[in-house]
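Visitor: Sharing a structure with you now.
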Amino acid sequence: MPLLFAALALIALVGAAGVLLSRNPVYSALSLLLNFVAFAVMYVMLSAQFLGVVQIIVYAGAIVVLFLFVVMLIGGNLPALGRGRRAYVRAAGVILAALFLLALLFGLARPLPNGLAAVGAPDGGSVQALGLALYVDHIVPFELASILLLTAMLGGIVLARRYQAPPKD
Amino acid sequence: MSIVLLSILKSLALIILLLTGFAYLTYYERKLLARFHVRRGPNRAGPFGLLQPIADAVKAIFKEEIVPGHVDKLIYIVAPALSLIPALVIFAVIPIAPDLRLGGFTLQFHVADINVGLLYLAAIASVATYGIILGGWSSNNNYALLGSLRTAAQMISYELPFGLLLAAIILTTNIGREAGTLSLIEILNQPRPWWLWLWLWLAFPMFFITMLAESNRSPFDLPETENELIAGFQVEYGGIKFALFFMAEYISMITGSAIMATLFFGGWRGPFADPGTWYGPIVGFGWFFLKVVALLFVYIWVRASVPRIRYDQLLQFCWKVLTPLSIGYLVLTALIVVFVG
Amino acid sequence: MTDPIAAVRSAFPDAVRASAVYRQTPILTLQAADLLAVGRFLRDTPELGYDLLSDLTVVDRLRLPQAQDEARFAGIYQLRSVARGGDLLQLTVPLPGGDAPVAPSVTGLWPTADWHEREAFDLFGVRYEGHPDLRRILMPDDWPTHPLRKDQPLGGERVPYTNTWAEEEFQHLGKQIMQTDQRPEPVPGRMDARHMIVNMGPQHPATHGVLRLIVELDGERIIGIQPDIGYLHSGFEKQGENIRYKDFVYYTDRMDYVSAMQNNLAYCLAVEKLLGIEAPPRAQAIRVIVCELQRIASHLVWLATHTLDVGGTGLALLMYAFREREEILDLFEMVCGARLTTSYLRVGGVSHDLPPAFIPRLRDLLARLPGRFDEYERMLSGSPLWRGRLMGIGKITAAQAIAWGVTGPLLRGAGVPYDLRKAQPYCGYEQYDFSIPVQSEGDSYARYLVRMAEMRQSLRIIQQAVDALPAGHFWIDDPKIAPPARGLLDQSMEALIHHFKLFTEGFRPPPGQAYHGIEASKGEMGVFLVSDGSAHPYRCRVRTPSFVNLQVTELMAKGHLFSDLVTVIGTIDIVLGDVDR
């Protein structure tokens, strides 16, 4: 099992590196897909089958497909990508990456909060356990988050509509 | 370790079964279409043309492999496999016959009983798009690109009603018991009251339409539309690579029919398909096979009698008709479950 | 009815060089400088209303002894007035410029002149001033000559293709991995390279042959289309000018090869007009029967391919329509032994009388076809998918259709009840009771309805023609035009001489010119012949419906989706042999 886990982790890392290093945006998206799938398998190994499947449905099945869709619409070959960037963009990237690393280290250094202990329990990743956690224990934050997403969706529609000439005949 | 070995054996048997099924599905379709067309269909190779699929396979395998110079080679070669794998893998959770008990040994006729089986279907169906999208993109051809753009939009759209209808079916598993289930095997083992069957059959036409769209079958075969996009995403493919795309389409027809047979028509259940007996698995598989073949007939029937829909009409139909209908169906199902169950 | 010659003479006293009426067709000879003014007058004066330019062509009079003036080239314009029932007026315009003729372009008056003038430029080298896009249309771009000029010989010309196998373009052939470098084709003018340019054809399943369309797309929406034709150009007109009158009948089959009978008819009627003869009544009725059968067969091919285009290869209707067409072709085989390229009609009649078994079999078919048509309509008209694919697609208004010279079901689908069988009856069509199906929407669905209704009307005509089939000769009783019966050759010396003269010398129509148009299944099919008194036509011009109707592709498809382009091409109903000739 640890061997399998190590292999998966390696695949996930390769995928992540591929996202950053590929010049071709389609290859980046595919590397991202590899990364997601590796994670999904890890979830299943941790007996969080639901999480693993949802990972595939949402990220692999929808988000990366949309990425590809957009990349193809714009034109798959963008040679300008990664070239001719201004210095301040690079600087901002480095600073943001450092901040993110700090946040990550800070989070990992502290012990896990008690609320998430259920996840670590046996069968904690099952549908029943997740359902209880989401719809009973944390119903308010869950609904708040869904309202936030709905607002974002409506905002997106409004923004897209503004630039569209009325084609009604 | 024997469990792993058994799984591998089962998988191999399943793959062989599916590939044979694919080969004879092409024969079945050609014969049936020919009947619809007042033609005879393949009748030269072997008795009644029964060897035609084998001849076709031999031809596809021995064809010269051509890789056009303008394609993205890695993705171009990987894409056909990417489209075939999900079509094969999805079958793993579908029970094709009742259990066989010999002494203390039980043989189950499905590769894996995942407790989130229905979600597994949705997950695999959602990644089935990649083969087509990447095949079209890597071909570096305008027709192929248009085809794969259509696929991306079409499949993402139709996953919505597909998922909603699956959710409604999942809800019905709550009726009369403490907790529902996501496992196909358990769904099949639960007895359903007669009114629930009727209610589920109400959703069957909608579900069938989403399955047609998911497997890119006529009248929703817009990614390949031989009349406008010539062959769409597969225009630059030939030989065995083309055959892989072809296989993926037909095997996804088989899996689609198997899913519908399991969810709506009781899978292997039927008279004399008694679990635990020696003859149960044989009869059960027979019932399953008959149901799948009957559903495949509907696929082909639709192809022979309905003109192809246009791309924008397809999306409009999905978003303006099918999605609201399935949301309504989901809500009504939830009400039924709450008040009756 | 106003006399166009008198009207033009009074309005433009200086413009008219000569005028005549030859075989009921008024012919006006105008000066090139006055063409546009007179044309505008003819088009816009309400009581004249010559709004349809049926045909535009050029005659090279280098070797024509009857030429009245010095100009070598003369432009010929056949005008019709749709409102006044297709009244014909011919304008003859001697073109100044000697060997490099120049003419004013009439595209501003009749947009349909666009392709006609390009063709005249291509084949005669006439430079039309004011034409928006004067390029070669049928011949390759690098062709050195203008082949229809009389000083260009038939055959033996040096073929100016420059490609050899050593060229880079062919180096990928026979290699497994084709390392072609990406050399995008130059984007044609008027098109924006930032859009997606899709090259459709000449090898494409939906273009019905070797039509090439360069399509400019924004997403899937069509912004522009540039048709490229001429891949099937066979030089029929040049061929026709080098063989005897009767021998060209066999060529006409190969133009619109799904309606060979009608092509035969258009040509035979033009020659008969030139000769001043008329076929006997039985021949007329037989011609009507076979031509209407041909119309049904042609519409069935259209229906089959249109459903194939719109509905996909699996759709069963394709084979249903072909099943019925086979039965019609069986009938053709009975009368003349051929199914597709029938060559059944002859100048002055038809080649064989109907065999005895023909009529019962035809009656049997007539009884069965209406049920079959009902079946098609149940399958298509009732289908929301079919209606969704056709309704509102490829709209064309009546005014646009007339301006672009569009005829046939396209014009009737746009609400104009114009049918040459009614407007200018020939072959005794005035005896038969039938109606002209018209739909006002002008979209693909309207054209579908029109064609379906036309097939039923054709059945009515055939029924009446069979019921009242006159007895008598099936070929004109004139030994100078029709060969004597086989039995006579053994008995009569005179018959033998006539036979010999006819097949060695042919017949010689008197000098003159005649245009005759018929209502073929796709629109007006017209033949214009100039005779110099010899046994060969001096000028043989064929006006085909597909060529003219194809021009409106861009007009009809603009703004629609790429999928609709297939519907639009299908609904125009072209045959590439008819387009390129």
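Visitor: Please give the number of the condition C:ARG378 fails out of (1) within 14 Å of another protein chain (Cβ to nearest Cβ); (2) charged (D, E, K, R); (3) surrounded by fewer than 18 Cβ atoms within 10 Å (Cβ to Cβ); (4) under 30 Å from C:LYS246 (Cβ atoms).
Guide: In the conditions (1) within 14 Å of another protein chain (Cβ to nearest Cβ); (2) charged (D, E, K, R); (3) surrounded by fewer than 18 Cβ atoms within 10 Å (Cβ to Cβ); (4) under 30 Å from C:LYS246 (Cβ atoms), C:ARG378 misses (4) alone.
Visitor: Tell me yes or no: at least one residue of the stretch B:15-26 is more than 19 Å from the chain's Cα centre (by Cα) and not aliphatic (A, V, I, L, M).
Guide: No - not one qualifying residue is present in the stretch B:15-26.
Visitor: Can you tell me which residues in the stretch B:27-68 are small (Gly, Ala, Ser) and away from chain C (no Cβ under 14 Å)?
Guide: Passing the criteria: B:ALA45, B:GLY46, B:GLY49, B:ALA55, B:ALA57, B:ALA60.
Visitor: What residue, of A:GLY61, A:GLY76, A:GLY82, A:GLY131, is modelled with pLDDT under 85, outside any helix (DSSP H, G or I) and under 30 Å from B:PRO86 (Cβ atoms)?
Guide: After ruling out the rest, the residue left standing is A:GLY76.
Visitor: Taking helices (runs of 4 or more DSSP H) that fall entirely within the stretch B:254-341, which contain at least 2 residues that are more than 14 Å from chain C (Cβ to nearest Cβ), closer than 28 Å to C:ALA316 by Cα and touching a residue at least 12 places away in the same chain (Cβ under 8 Å)?
Guide: By residue number, B:280-305.
Visitor: Inspect the stretch A:42-50 for any residue being farther than 16 Å from B:ILE75 by Cα, without any contact (Cβ under 8 Å) to a residue 12 or more places away in the chain and either among the aromatic types (Phe, Trp, Tyr) or part of a helix (DSSP H, G or I) (or both) and give the result as yes or no.
Guide: yes
Visitor: Only one of (1) over 22 Å from C:GLY523 (Cβ atoms); (2) within 12 Å of another protein chain (Cβ to nearest Cβ); (3) at pLDDT 70 or above; (4) out of contact with any strand residue (DSSP E or B) (no Cβ under 9 Å at 6 or more places or on another chain) is not met by C:GLN179, so which one is it?
Guide: Exception for C:GLN179: condition (3).
Visitor: Restricting to the stretch B:72-81, name every residue that is over 13 Å from B:ALA144 (Cβ atoms) and at the interface with another protein chain (Cβ under 10 Å from one of its Cβ atoms).
Guide: Passing the criteria: B:LYS73, B:LEU74, B:VAL78.
Visitor: Sticking with this structure for a sec: Quick check, is C:MET493 among the hydrophobic types (A, V, I, L, M, F, W, C) and under 23 Å from C:ARG363 (Cβ atoms)?
Guide: Here the answer is no, as C:MET493 does not meet what is asked.
Visitor: Moving on to the next point. Would you mind stating whether C:GLU441 is in the same structural domain as C:ARG361 (by TED's automatic domain parsing), part of a helix (DSSP H, G or I) and of a type outside the set (A, V, I, L, M)?
Guide: In short, no.
Visitor: Please give the number of the condition B:CYS318 fails out of (1) surrounded by 22 or more Cβ atoms within 10 Å (Cβ to Cβ); (2) over 27 Å from C:THR313 (Cβ atoms).
Guide: Against the list (1) surrounded by 22 or more Cβ atoms within 10 Å (Cβ to Cβ); (2) over 27 Å from C:THR313 (Cβ atoms), B:CYS318 comes up short only on (2).
Visitor: Go through (1) away from every other protein chain (no Cβ under 14 Å); (2) at pLDDT below 75; (3) surrounded by 14 or more Cβ atoms within 10 Å (Cβ to Cβ) for C:ARG136 and report which single condition fails.
Guide: Evaluating C:ARG136 over (1) away from every other protein chain (no Cβ under 14 Å); (2) at pLDDT below 75; (3) surrounded by 14 or more Cβ atoms within 10 Å (Cβ to Cβ) leaves (2) as the failure.
Visitor: Of the residues B:PRO42, B:PRO95, B:PRO53, which is in contact with a Lys or Arg (Cβ under 6 Å, 6 or more places away or on another chain) and either in a helix (DSSP H, G or I) or crowded, with 19+ Cβ neighbours inside 10 Å (or both)?
Guide: B:PRO42 is the lone residue from the list that is in contact with a Lys or Arg (Cβ under 6 Å, 6 or more places away or on another chain) and either in a helix (DSSP H, G or I) or crowded, with 19+ Cβ neighbours inside 10 Å (or both).
Visitor: Also, quick follow-up: Kindly list, by first and then second residue, each pair from a residue in the stretch B:177-196 that is among the aliphatic types (A, V, I, L, M) to a residue that is modelled with pLDDT under 75, limited to pairs with Cβ atoms under 6 Å and residues at least 6 apart or on different chains.
Guide: Final answer for the pair search is B:ILE185/B:ASP113.
Visitor: Would you be able to tell me the number of residues in the stretch C:515-534 that are over 14 Å from C:GLU272 (Cα atoms) and either in contact with a Gly (Cβ under 6 Å, 6 or more places away or on another chain) or without any contact (Cβ under 8 Å) to a residue 24 or more places away in the chain (or both)?
Guide: 3
Visitor: Yes or no: C:ASP330 among the acidic types (Asp, Glu) and at pLDDT below 90?
Guide: No, not satisfied.
Visitor: Continuing with the same structure: So C:ARG149 ticks every box in (1) at pLDDT 80 or above; (2) within 14 Å of another protein chain (Cβ to nearest Cβ) but one. Which box is left unticked?
Guide: The failed condition is (2).
Visitor: Looking only at the stretch C:294-334, count how many residues are within 14 Å of chain B (Cβ to nearest Cβ) and β-branched (Val, Ile, Thr).
Guide: Residues in the stretch C:294-334 being within 14 Å of chain B (Cβ to nearest Cβ) and β-branched (Val, Ile, Thr): 4 in total.
Visitor: Let me ask something else. Are any of the residues in the stretch C:119-136 of a type in the set (Lys, Arg) and in a loop (DSSP other than H, G, I, E, B)?
Guide: Yes, the stretch C:119-136 contains at least one residue that is of a type in the set (Lys, Arg) and in a loop (DSSP other than H, G, I, E, B).
Visitor: For the stretch A:5-41, how many residues meet the condition of being over 14 Å from the mean Cα position of the chain (by Cα), within 24 Å of B:LYS73 (Cα to Cα) and touching a residue at least 24 places away in the same chain (Cβ under 8 Å)?
Guide: Result for the stretch A:5-41: 5.
Visitor: List pairs: first residue in the stretch C:336-356 and more than 18 Å from C:ASP477 (Cβ to Cβ), second residue of a type in the set (D, E, K, R) anywhere in the structure, Cβ distance under 8 angstrom, at least six positions apart or on different chains.
Guide: Listed pairs, sorted by first residue: C:ARG339/C:ASP330; C:ARG339/C:GLU333; C:LEU340/C:ASP253; C:THR341/C:ASP253; C:THR341/C:ARG254; C:THR342/C:ASP253; C:SER343/C:ASP253.
Visitor: Checking A:ALA29 against (1) more than 30 Å from B:ASP113 (Cα to Cα); (2) among the small types (Gly, Ala, Ser); (3) at the interface with another protein chain (Cβ under 8 Å from one of its Cβ atoms): exactly one of these is not met. Which one?
Guide: (3)
Visitor: Residues C:ALA83, C:ALA74, C:ALA33: which one is part of a strand (DSSP E or B) and either surrounded by 22 or more Cβ atoms within 10 Å (Cβ to Cβ) or among the hydrophobic types (A, V, I, L, M, F, W, C) (or both)?
Guide: Sole residue among the options that is part of a strand (DSSP E or B) and either surrounded by 22 or more Cβ atoms within 10 Å (Cβ to Cβ) or among the hydrophobic types (A, V, I, L, M, F, W, C) (or both): C:ALA74.
Visitor: Still on this model: Report yes if some residue within the stretch B:69-76 is crowded, with 16+ Cβ neighbours inside 10 Å, β-branched (Val, Ile, Thr) and either outside any helix (DSSP H, G or I) or over 20 Å from the mean Cα position of the chain (by Cα) (or both); otherwise report no.
Guide: Checked the stretch B:69-76: at least one residue is crowded, with 16+ Cβ neighbours inside 10 Å, β-branched (Val, Ile, Thr) and either outside any helix (DSSP H, G or I) or over 20 Å from the mean Cα position of the chain (by Cα) (or both).
Visitor: What helices (runs of 4 or more DSSP H) completely inside the stretch C:187-305 contain at least 2 residues that are out of contact with any helix residue (DSSP H, G or I) (no Cβ under 7 Å at 6 or more places or on another chain) and of a type outside the set (S, T, N, Q)?
Guide: Ranges flagged: C:236-240, C:260-275.
Visitor: If I ask for residues that are within 14 Å of chain B (Cβ to nearest Cβ) and either of a type in the set (Asp, Glu) or more than 15 Å from B:ILE309 (Cα to Cα) (or both), which ones from the stretch C:555-581 would you list?
Guide: C:ALA557, C:GLY559, C:ASP564, C:VAL568, C:ILE569, C:GLY570, C:THR571
Visitor: Further, regarding this structure: I'd like to know if the stretch B:321-330 contains one or more residues that are among the polar types (S, T, N, Q) and closer than 16 Å to B:ASP221 by Cα.
Guide: no
The values are calculated or read from the model by the stated rules, or taken from the named source; none is laboratory data. Note that this is a predicted model, so its numbers are computed, not measured. Neighbour counts run over all protein chains shown; Cβ positions are idealised from the backbone, glycine included.
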